[in-house]
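Below you'll find the structure, written out as structure tokens, and then a few comments.
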Amino acid sequence: MEKICDHLKAKGLKQTRHRLTILSLLKNAEYPLSADEIYLQLKNESINLSTVYRNLELLGEKDLVLKLNLSGDSRTVYEYNSPVHRHYLVCLGCKKILPIEHCPLSGYEERLADETGYAIVGHKLDVYGYCPACRKNEKKPGF
Ligand SMILES: [Zn+2]
Ligand SMILES: [Zn+2]
């Protein structure tokens, strides 16, 4: 298994406890987390919010962490930059984020490359709607 501290070393970053903690938290997270959520989960680590932001910026500059603005979610969220990319389903009501297991566009990319002669390097896809819990609450508009 790849080690997180090796990632930091490879990018020339000092392996501080905070960096290791933030990176392993994001690596194990089911879905991208906001800086606030990361801060809340690390309450016991005596870290402050500005340190969280500073480290996220740094990890982002080194491409270890991806900064995302998902449609339907006004927050900036962060995800571990894994070689297997993921897509997410965002609830417009409660902002819950659900990972989508399989990329629906991998076959399409190949076909598009064949048709156009382009070398396709990536794509973005956000899906959004209302989760079952929010759908039960009929007072909310937009259903
Ligand atoms: Zn919801
Ligand atoms: Zn995809």
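Bear in mind these aren't lab numbers, they're just calculated from the coordinates by the rules spelled out. Just so it is clear, the model here is predicted, and its values are computed rather than measured. So basically every Cβ, Gly included, is an ideal-geometry build from the backbone, and we count neighbours across all protein chains shown.
A few remarks follow.
- For the chain, calculated [θ]222 nm from helices alone, where every DSSP H run of n ≥ 4 adds -39500 (n - 2.57): -11000 deg cm²/dmol
- In a reduced charge model with +1 at each Lys and Arg Cβ and -1 at each Asp and Glu Cβ, the chain shows a dipole moment near 660 debye about its Cα centre.
- Counted by Cβ distance under 12 Å from Leu68, the other residues give a net charge of +1, where Lys and Arg count +1 and Asp and Glu count -1.
- For GluC sites (Glu not before Pro), the sites in region 46-110 that DSSP calls loop and that have at most 11 other Cβ atoms within 10 Å are Glu101.
- Choice from Asp126, Asp73, Asp114 showing the highest fluctuation, given a GNM over the chain with Cα pairs closer than 10 Å: Asp114
- Two-decimal Rg/Rh across the chain, once Rg and the Kirkwood Rh are taken from alpha-carbon atoms: 1.03
- Using a cut-off of 23 Å between Cα atoms, the listed pairs Lys3/Lys67; Lys96/Lys136; Lys9/Lys124; Lys67/Lys124; Lys9/Lys96 include Lys9/Lys124; Lys9/Lys96 as exceeding that distance.
- Pairwise label distance in nanometres, Ser82 with Asn44, each label 7 Å out on the Cα-Cβ vector: 2.4
- Sorted by Cβ density within 10 Å, fewest first, the residues Lys11, Lys124: Lys124, Lys11
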